[in-house]
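The structure appears below as structure tokens.
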Amino acid sequence: MTAEIVVPIRSDADILLARQRARALAQPLKFSTSELTLIATAISEMARNIVTYAGKGEVLLRLERRAARSGITIVARDSGPGIADIARAMEDGFSTSRGLGLGLPGSKRLMDEFDIVSAVGRGTTITMTKWER
């Protein structure tokens, strides 16, 4: 599987578009409706962070196949201010804006794999994967 879609993120409308494109891309896989909702929710959180903190970035959507497993990988990346303290940002309730501070840790719980790389002044890349059950 090599299908890949890149959705530029600059506004709320782009967040919705990324969710829709992910749902369409993942449709052939054996995800339940509730699993598709979890994927869409994680995408919303990451894309919202791009709009809020960086102003612009992109969400890359890619189907994955590893051994006998299939899934979808989401890569959310920006060239924004970066995250100074990733460990703190991953704590429930921590936010540098007026949010609830559940976006990063919540998305990690929704997905099967979650990785974050960030450098202050250089941006953030979050890679998440959801596997078929």
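The values are calculated or read from the model by the stated rules, or taken from the named source; none is laboratory data. Computed from a predicted model, the values in this text were never measured in an experiment. Glycine gets a Cβ as well: all are built from the backbone with ideal geometry, and neighbour counts include every protein chain shown.
Data table
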{"item": "Residue list for the stretch 53-76, restricted to those being under 16 Å from Asp12 (Cα atoms) and out of contact with any helix residue (DSSP H, G or I) (no Cβ under 6 Å at 6 or more places or on another chain)", "result": "Tyr53, Ala54, Gly55, Lys56, Glu58"}
{"item": "Residue in the stretch 4-25 that is surrounded by the fewest Cβ atoms within 10 Å (Cβ to Cβ), counting only those that are among the aliphatic types (A, V, I, L, M) and in contact with a helix residue (DSSP H, G or I) (Cβ under 6 Å, 6 or more places away or on another chain)", "result": "Ile5"}
{"item": "Test: residue in the stretch 27-46 that is closer than 25 Å to Ala3 by Cα, touching a strand residue (DSSP E or B) at 6+ places or on another chain (Cβ under 7 Å) and among the polar types (S, T, N, Q)", "result": "no"}
{"item": "Subset tally (residues that are free of Cβ contacts under 8 Å to residues at least 60 places away in the same chain and among the hydroxyl-bearing types (Ser, Thr, Tyr)) for the stretch 62-80", "result": "2"}
{"item": "Elements of type helices (runs of 4 or more DSSP H) contained in the stretch 18-133, each with 1 or more residues being modelled with pLDDT under 95 and polar (S, T, N, Q)", "result": "33-49, 103-110"}
{"item": "Members of the stretch 51-63 found to be surrounded by 17 or more Cβ atoms within 10 Å (Cβ to Cβ) and closer than 16 Å to Phe114 by Cβ, listed by number", "result": "Val59, Leu61, Arg62"}
{"item": "Hey, Arg88 of a type in the set (D, E, K, R) and under 20 Å from Gln27 (Cα atoms) or not", "result": "no"}
